[in-house]
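All remarks here apply to the structure that follows.
The values are calculated or read from the model by the stated rules, or taken from the named source; none is laboratory data. Small disclaimer: the values here were computed from a predicted structure and weren't measured. Ideal geometry is used to build each Cβ from the backbone, glycine not excepted, and the neighbour counts take in all protein chains shown.
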């Protein structure tokens, strides 16, 4: 049986993975769809719609990162990697995979 602390950590990792995917997806939509539509097709409303959605997703990601890291057990390198992943297209997806590995290892170590 899992302890309450381990159950909470697993739950936090699940939430962090979901928010990582959300942030990464909105970044790709902004950079890969909305910005080209604005600059190449003259459709600036795309960035006015996607920009704030990505901004909210980014703030949520940072908040979740603070919560996740504050639970303890994260090295400075891991924390820096997760922070930098939010600024690099596809970085959030690589981060999600690293979080999934950590979640699996934690679940298996009961």
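Observations on the model:
- Residues of the range 1-52 that are under 22 Å from residue 102 (Cβ atoms) and either part of a loop (DSSP other than H, G, I, E, B) or in contact with a strand residue (DSSP E or B) (Cβ under 9 Å, 6 or more places away or on another chain) (or both): 1, 2, 3.
- The residue that is farthest from residue 50 (Cα to Cα), among those in the range 1-30 that are buried (at least 19 other Cβ atoms within 10 Å of the Cβ) and without any contact (Cβ under 8 Å) to a residue 40 or more places away in the chain, is 22.
Residue-wise test of (1) surrounded by fewer than 14 Cβ atoms within 10 Å (Cβ to Cβ); (2) in a helix (DSSP H, G or I); (3) at pLDDT below 95; (4) touching a helix residue (DSSP H, G or I) at 6+ places or on another chain (Cβ under 6 Å).
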| site | (1), (2), (3), (4) |
| --- | --- |
| 54 | no, yes, no, yes |
| 61 | no, yes, no, yes |
| 66 | yes, yes, no, no |
| 72 | yes, no, yes, no |
| 87 | yes, no, yes, no |
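- Taken over the range 89-101, the criterion of being in a helix (DSSP H, G or I) and over 12 Å from residue 13 (Cα atoms) is satisfied by 91, 92, 93, 94.
- Residue 104 touching a helix residue (DSSP H, G or I) at 6+ places or on another chain (Cβ under 7 Å), in a helix (DSSP H, G or I) and under 25 Å from residue 7 (Cβ atoms): no
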